[in-house]
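*Asks:* My structure is below; once you've seen it, I'll send some questions.
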């Protein structure tokens, strides 16, 4: 397609987007707040799960998947947030969003509890070794990460130093390192879930494993529908909506990371009351599909 035609098409798309936002803001007080949130984890299949939840005939799709209200835009207040969702008179009463950073951001659970205390929460957790490696490759593809994986892991503690405290102290603070470079930190799931369970009763939180979702998508999708009180329904095709491929993680580095996550994974298993991932001696696949 000629460059001029591409420019015209891009301009038209941006104009439509601006018009939708203007209409959403103008009608924000007539809109509903979400009844469910997919809170993470990043690179764990949230794009696929959210796409299929929004494909359900009783779910009203928001303007965009990741609204980033409770992390980056909480200072804008709830009416701004409403502007992304369906009109109250639209017929559908179930809507949601999926911002995977919510699981990891330290201030988000309290903010959600203060704004939509009855919301249902879905956490999709991936083996933290595979999640970290997928996360790293996404940052590489985006041109954000210039270090090798080994050096990026070594730099993580320095990069994230003091960022949680800043995020808790200032609603407008956005931490580039906390959001983009927490390769190990985002995989410490027990710490993150305990923070959510301090703000919400356990029956409002559904924890799923990505590996189960990838292996048995219809079964796990059905579990999510049941949790959200949605009638049984199955899309025509359940497939990964955000695949990625890359070189396998070197065995020595995988072993070191598995050892690093052994105790946190054991804590997670105790918290959930069930087994999570295979022990270090069991081989795992390094190349997998995932979601932002």
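The values are calculated or read from the model by the stated rules, or taken from the named source; none is laboratory data. Computed from a predicted structure; not experimentally measured. Reconstructed Cβ throughout: ideal geometry from the backbone, glycine too, with neighbour counts over all protein chains shown.
Results for (1) farther than 18 Å from residue 124 by Cβ; (2) touching a strand residue (DSSP E or B) at 6+ places or on another chain (Cβ under 7 Å); (3) not in a helix (DSSP H, G or I), shown as yes or no for each residue.
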residue: 165; (1), (2), (3): yes, no, no
residue: 168; (1), (2), (3): yes, no, no
residue: 173; (1), (2), (3): yes, no, yes
residue: 178; (1), (2), (3): yes, no, no
residue: 182; (1), (2), (3): no, no, yes
residue: 186; (1), (2), (3): no, no, no
residue: 190; (1), (2), (3): no, no, no
residue: 196; (1), (2), (3): no, yes, no
residue: 199; (1), (2), (3): yes, no, yes
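*Asks:* Mind listing whichever residues of the range 219-245 are assigned to a loop (DSSP other than H, G, I, E, B) and at pLDDT 80 or above?
*Replies:* Those that are assigned to a loop (DSSP other than H, G, I, E, B) and at pLDDT 80 or above: 228, 229, 230, 231, 232, 233, 234, 235, 245.
*Asks:* Of everything in the range 202-218 that's touching a residue at least 12 places away in the same chain (Cβ under 8 Å) and not in a strand (DSSP E or B), which residue is surrounded by the fewest Cβ atoms within 10 Å (Cβ to Cβ)?
*Replies:* Among residues in the range 202-218 that are touching a residue at least 12 places away in the same chain (Cβ under 8 Å) and not in a strand (DSSP E or B), the one surrounded by the fewest Cβ atoms within 10 Å (Cβ to Cβ) is 218.
*Asks:* Out of (1) farther than 26 Å from residue 173 by Cα; (2) out of contact with any strand residue (DSSP E or B) (no Cβ under 6 Å at 6 or more places or on another chain), what's the single condition that is false for residue 35?
*Replies:* Every condition holds for residue 35 apart from (2).
*Asks:* Mind checking whether some residue in the range 128-145 is touching a strand residue (DSSP E or B) at 6+ places or on another chain (Cβ under 7 Å) and under 20 Å from residue 261 (Cβ atoms)?
*Replies:* No, the conditions are met nowhere in the range 128-145.
*Asks:* Checking residue 251 against (1) over 27 Å from residue 114 (Cα atoms); (2) under 22 Å from the mean Cα position of the chain (by Cα); (3) at pLDDT 95 or above: exactly one of these is not met. Which one?
*Replies:* Tallying (1) over 27 Å from residue 114 (Cα atoms); (2) under 22 Å from the mean Cα position of the chain (by Cα); (3) at pLDDT 95 or above, residue 251 fails exactly one: (2).
One line per residue, one yes/no per condition, for (1) without any contact (Cβ under 8 Å) to a residue 24 or more places away in the chain; (2) on the phi < 0 side of the Ramachandran plot; (3) in a strand (DSSP E or B):
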| site | (1), (2), (3) |
| --- | --- |
| 95 | no, yes, yes |
| 109 | no, yes, no |
| 118 | no, yes, no |
| 122 | no, yes, yes |
| 129 | no, yes, no |
| 140 | yes, yes, no |
| 143 | yes, no, no |
| 146 | yes, yes, no |
| 150 | no, yes, no |
